[in-house]
Amino acid sequence: MEQDAATLVNQPPGGARAAVAGTGEGGSCSSCAARAAQSTPQYIYALGRVEPRFPRLSVEKEYAQATGRAETAGLTDREALHKVLSARHNRYLLKQLCWAFTIGEMDAYLLQPRDPVDFDLLLETIRPAPHAADIDVVVGVRGPVAPAEYCNGVMVPLVGFSQLYSFDVDSFVKAVPRPPEANEKDFPRATAEIFSRVRQMAENLGASDAHRAVNYLVLRYPAIYAKAAEEFALDFSLTAVDARPSLVTNTRKVVEVIFTYTNRKSDFSEKYSARVDVTEEFPFLVGKLSPYYDR
């Protein structure tokens, strides 16, 4: 069962401390920066789709035998896949498959659960009736590039995930809280458009600080949708979404995400920004959406 979309916009973030290499006994050294870069985790916060793959011919044949023993008459291939892998006696196959995470129809990562029970989360991404509006979100740590034999020649980075959840856009739009002043009919339409627009602007690998911050706001911060509906009512368009390191702090990694709205008649622009801390695995809001002025 997919995670309730209402949870996505309200779920409190967690945290995981990044491991950073220190200097050796005598202070600085020439190789410390390189060692620190290698030992600092690269976190992932990405939107895309999970696709199960057969890593080897033997696994594909084993699945075919399991399907032959199941009652699958009248089912589509996707429905049959979901039914076979959901059966308790076939759960061993979940561990034999490889799980590709695609972004923009391109393979971006291969997912690995950090906990064996999280194979259930992978199973939930296999929708019996997939739709173009389905979305999977992965939060985790990027590892090395997978060897060619790991997943039938797919050589992309491995990601050990801490969170993996699935939803569809319609459910997400319905779950976004509507401000009291927002029109009941117009707000869902505005929310759906902004979600689609910002997703397109933010379509990325979810690995850089800027991309992780934008992806976090798209999923977890309803205020950006309330502001969009307000700006639409004033005849403004969303014309840009930018992200840059915040100048407010130098002790943590904070990204300022700037939304630019331009009046359709006068070409006058207004900017609003929110700040997101991306120091560790789970981003969180540190500065609410407020007017932004170019410095």
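Laboratory data are not the source of any read-out in this text; all were calculated from the coordinates shown. None of the values given here were measured: they were computed from a predicted structure. No Cβ is skipped: glycine too gets one built from the backbone with ideal geometry, and neighbour counts run over all protein chains shown.
Of ALA210, PHE259, THR249, which is farthest on the positive side of the dipole of segment 176-295, counting Cα position, with +1 on Lys and Arg Cβ, -1 on Asp and Glu Cβ, and the Cα centre as origin?
THR249
In vacuo Debye scattering of segment 176-295, one point per C-alpha: log10 I(q)/I(0) at q = 0.10, 0.11, 0.14, 0.17 Å⁻¹?
-0.29, -0.36, -0.58, -0.84
Note down the nm distance, to one decimal, between modelled labels 7 Å out along Cα→Cβ at LYS271 and at GLU105.
With each label point 7 Å from Cα toward Cβ, the separation is 3.5 nm.
Which number gives the lysine pairs in the chain that have C-alpha atoms under 28 Å apart and are eight or more places apart or on different chains?
Taking the Cα cut-off of 28 Å, the pair count is 18.
Among 180-186, 53-59, 144-150, how do they line up from the highest to the lowest mean number of other beta-carbon atoms within 10 Å?
Order by mean packing, descending: 53-59, 144-150, 180-186.
Checking a compactness column here: for the chain, what do you get for Rg(Cα) / (2.2 N^0.38 Å), N being the number of residues?
Details: Rg = 21.7 Å, N = 295, 2.2 N^0.38 = 19.1 Å.
That works out to 1.14 for the chain.
State to the nearest 20 debye the size of the charge dipole of the chain about its Cα centre, where the only charges are +1 on K and R beta carbons and -1 on D and E beta carbons. Write down the numbers at each step before the final one.
Values: 33 positive and 37 negative charges, 90 e Å.
The calculation lands at about 420 debye.
Output the relative contact order of the chain, whole-number percent, from Cα pairs under 8 angstrom with separation of 6+ residues. Working shown, then result.
Numbers: 521 pairs, mean separation 56.9, N = 295.
Relative contact order of the chain: 19 percent.
Which one of LEU219, PHE232, ALA190 is farthest out on the positive end of the charge dipole of segment 176-295, using unit charges on Cβ (Lys, Arg +1; Asp, Glu -1) and the Cα centre as origin?
My answer, from the dipole projection, is LEU219.
Roughly what angle does helix 209-220 make with the longest principal axis of the chain, taking Cα atoms, 0 to 90 degrees, to the nearest 10?
Its long axis makes an angle of about 90 degrees.
Kindly provide the trypsin sites (Lys or Arg not before Pro) of segment 75-149 that DSSP labels as loop, not H, G, I, E or B, and whose Cβ sees at most 13 other Cβ atoms within 10 Å. Please report the intermediate quantities before stating the final value.
Numbers: sites: ARG78, LYS83, ARG88, ARG91, LYS95, ARG114, ARG142; in loops: ARG91, ARG114.
Loop-located and lightly packed - ARG91, ARG114.
How far, in degrees from 0 to 90, does helix 186-202 lean away from the longest principal axis of the Cα atoms of the chain, to the nearest 10?
Tilt relative to the chain: about 70 degrees.
How large is the dipole of segment 176-295 about the Cα centre if only Lys and Arg carry +1 and Asp and Glu carry -1, each at its Cβ, rounded to the nearest 20 debye?
Numbers: 17 positive and 17 negative charges, 23 e Å.
It works out to roughly 120 debye.
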